[in-house]
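Worksheet: the structure to be examined is printed underneath.
The values are calculated or read from the model by the stated rules, or taken from the named source; none is laboratory data. It should be emphasised that the depicted structure is a prediction, and the values quoted were computed from it without experimental measurement. Because the Cβ atoms are built from the backbone with ideal geometry, glycine has one as well, and the counts that use them run over all protein chains shown. The area values use the complete protein model at the heavy-atom level, side chains included, leaving out ligands, DNA and RNA. Shrake-Rupley method; radii C 1.70, N 1.55, O 1.52, S 1.80 Å.
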Amino acid sequence: DSGVTQTPKHLITATGQRVTLRCSPRSGDLSVYWYQQSLDQGLQFLIQYYNGEERAKGNILERFSAQQFPDLHSELNLSSLELGDSALYFCASSVPIKDRHSYEQYFGPGTRLTVT
Amino acid sequence: SQKIEQNSEALNIQEGKTATLTCNYTNYSPAYLQWYRQDPGRGPVFLLLIRENEKEKRKERLKVTFDTTLKQSLFHITASQPADSATYLCALALITGANNLFFGTGTRLTVIP
């Protein structure tokens, strides 16, 4: 168990809809990362937050957005969903308050999104 | 273009042998490189991190080397066991980056009893 939790575990929705994925980082970790994993693209970085502020952006579509709240949990919002958005979405956390040079990432179990 | 390539999609080895996985990258300047293990349907699990100024790191049966001149990392599992069967991913973080990772496509290792 990595200590990172993600909900829901599975999500099935229709094209055009909007969903919210939730992530709670390991206790004390300041950074949260979102990744998308699909069969053809592998594991792709989407966006990173550090202590509530956006730190880096990857290949995140404009239809997607995220935020990190004061209690450090994060949400990834996906809107106007398309079939191609079907994938596993992982959240990871790192950089514990007690060791801010610790960069290994701890991944949650993922949310499997299916768009029909 | 930027690429992170892992030597093969799949690698089969006999139990007890040493598995060697390769990660090659182009057009990246990594500050450090990490290796992760991923089992089907689960999140990646951190194994080892090696920094750009380090040549080698070890942890139990695992060893990682990092050659920034060759732009290559090798990942070794000695005395391999069937329980080591999984997909192994290498990942880079950039010198100028924010510690987000760029992942390779992975190598699926099968250890045959």
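Among A:ASP1, A:ASP71, B:ASP39, the order of accessible area from largest down is A:ASP1, A:ASP71, B:ASP39, computed with a 1.4 Å probe on protein heavy atoms. Note on chain B: GNM, Cα springs under 10 Å; of B:THR26, B:THR68, B:THR87, the largest mean-square fluctuation is that of B:THR26. The mean number of partner chain beta-carbon atoms within 10 angstrom of a residue's beta-carbon across peptide A:20-28 is 0.
A Förster radius of 30 Å, combined with the Cβ-Cβ distance separating B:THR26 from B:LEU62, puts the computed FRET efficiency at roughly 0.75. When only alpha carbons are used to place a centre, region B:44-113 and region A:38-116 end up 22 Å from one another.
Taking all protein chains into account, the per residue accessible area for chain A stands at 49 Å² (1.4 Å probe). Spacing of the modelled spin labels on A:ASP1 and A:THR20, each 7 Å from Cα toward Cβ, amounts to 2.6 nm.
Rounded to the nearest 100, the interface formed by chains B and A buries 1400 square angstrom of accessible surface, both chains summed, with a 1.4 Å probe. Hydrodynamic analysis of region A:1-83 uses the Kirkwood radius over alpha carbon pairs. Inserted into Stokes-Einstein at 20 °C and 1.002 mPa s, it gives a translational diffusion coefficient of 159 µm²/s. Close Lys pairs in the protein assembly as shown (alpha-carbon distance under 20 Å; sequence gap of 8 or more, or different chains): 9. Take chain A, connect every pair of alpha-carbon atoms lying under 10 Å apart with a spring to form a Gaussian network, then pick out the residue of A:GLU104, A:GLU54, A:GLU75 with the largest mean-square fluctuation. Judging by the Gaussian network model, the answer is A:GLU104.
Solvent-accessible surface (1.4 Å probe) assigned to B:LYS3 amounts to roughly 100 Å². The accessible-area loss of region B:75-113 on complex formation, taken against its chain alone with a 1.4 Å probe, reaches 20 Å² or more at B:ALA98, B:ASN99, B:ASN100, B:LEU101, B:PHE103. Among the residues of A:37-46, the average count of other protein chain beta-carbon atoms within 10 Å of the residue beta-carbon is 3.
Phi angles of region B:15-21 translate, via the Karplus equation with coefficients 6.51, -1.76, 1.60 and θ = phi - 60°, into HN-Hα couplings of 3, x, 7, 9, 8, 10, 10 Hz per residue; Gly and Pro are given as x. Among the residues of B:64-71, the average count of other protein chain beta-carbon atoms within 10 Å of the residue beta-carbon is 0.
Projecting label points 7 angstrom from Cα along Cα→Cβ for B:THR105 and A:THR114 puts them 2.6 nm apart.
Between the amide H of B:SER29 and those of B:ILE95, distances stay under 5 Å, these residues lying 5 or more places away or on another chain, with hydrogens modeled in the peptide plane. Please report, as a whole percent, how much of the solvent-accessible surface of chain B comes from carbon and sulfur atoms (probe radius 1.4 Å). Within chain B, the accessible surface is 47 percent carbon and sulfur. Extension gain, A:GLU53 to A:SER38, is 2.7 nm, computed as 0.36 nm per intervening residue step minus the present C-alpha separation. Net charge in the neighbourhood of B:ARG51 (other residues with Cβ under 14 Å of its Cβ; Lys, Arg +1, Asp, Glu -1) is -3. The convex hull of the Cα atoms of region B:6-113, projected and averaged over all directions, covers 6.5 nm².
For region B:1-63, the per residue solvent-accessible surface stands at 58 Å², with DNA, RNA and ligands left out and a 1.4 Å probe.
Modelled spin labels at B:ASP39 and B:ALA83, positioned 7 Å past Cα toward Cβ, are 1.0 nm from each other.
Counting heavy atoms of the protein chains alone, A:ARG22 has an accessible area of about 90 Å² for a 1.4 Å probe.
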